[in-house]
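Worksheet: the structure to be examined is printed underneath.
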Amino acid sequence: MNRKAVQILAGVLVLLVWGIWGAYGIPTARLEGLANVPNPFDSRQTQTYIVYSLAQDAHVDIHLFDLMGNPVRNWDLPAGVPGAQTGMNQVAWDGTDESGTKVTAGGYICQVLVAEDKGLVQGVHKIGVIH
């Protein structure tokens, strides 16, 4: 095969894959820019903001886990409320668990799940807590 034929074949393959994704409902909405600011943060003095951008209003679940996989904190945000709206979103975390107790210094995993008509989009980010 010559170079031109390979380029055409690659283009057809890309179109085919996109067509299959659309036909079978693979999620198309975006969860972009997942981060937290500041990172790391000192929970005795400040809080951190989990920030991300959504392509559309969507139900958002945010789960924080310690490095052993134990749940620390959860947010359930229905579509359209602050944290689940089109554009930039932020959710403040003051470094406490579900009971309101300050967590220990260390690493934490932030999982953001965005529900859509066609499925879930997931983002994962590390958060550092210092004291």
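The values are calculated or read from the model by the stated rules, or taken from the named source; none is laboratory data. Treat the numbers as computed from the prediction; the structure is a model and nothing was measured. FYI the Cβ positions are ideal-geometry reconstructions off the backbone, even for glycines, and counts take in every protein chain you see.
Take the residues in segment 80-116 that are at pLDDT 95 or above, among the aliphatic types (A, V, I, L, M) and surrounded by 14 or more Cβ atoms within 10 Å (Cβ to Cβ), then tell me which one is nearest to Pro40 (Cα to Cα).
The residue in question is Ala105.
So which strands (runs of 3 or more DSSP E) stay within segment 59-131 end to end and still have 1 or more residues that are in contact (Cβ under 8 Å) with a residue 24 or more places away in the chain and out of contact with any strand residue (DSSP E or B) (no Cβ under 7 Å at 6 or more places or on another chain)?
Working: elements: 59-66, 71-77, 87-93, 106-116, 119-130.
Counting at least 1 such residues, we get 106-116, 119-130.
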